[in-house]
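Okay, so here's the structure we're looking at.
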Amino acid sequence: MIQIKALAFFLVLLCSPIVAYGASYYEGKTITIVVGYKPGGGYDRYARLFQKYLPRYIPGNPTVVI
C-alpha cells in the first residue's frame, strides 16, 4: 500500500510541470468536437455537456465548439 502511495506521489510530481506548460499551449485556441450523429440525439447532448464544462479542466481555458 505504501508503494502505491509513493508511486502516485512521484507521478503527481512528474506531471505537474507538464500541466504548467499545457496552459500556454491551449490558451487562446479552439477545440472542435465533431459529432457523427444527428442533432438532438444522445451523442449530441453528451457533446454539448462536455462543451460546457471541458474548458474548466483544460489548462489555458480554450474555446470548445461543437
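Only the coordinates and a few stated rules stand behind these numbers; no lab work does. Note that this is a predicted model, so its numbers are computed, not measured. A quick note on method: Cβ atoms are made from the backbone with ideal geometry, for glycine too, and the neighbour counts reach across all protein chains shown.
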Looking only at the stretch 31-43, count how many residues are under 18 Å from the mean Cα position of the chain (by Cα), surrounded by 10 or more Cβ atoms within 10 Å (Cβ to Cβ) and part of a loop (DSSP other than H, G, I, E, B).
2
For the stretch 44-61, which residues satisfy the criterion of being among the charged types (D, E, K, R) and not in a helix (DSSP H, G or I)?
none
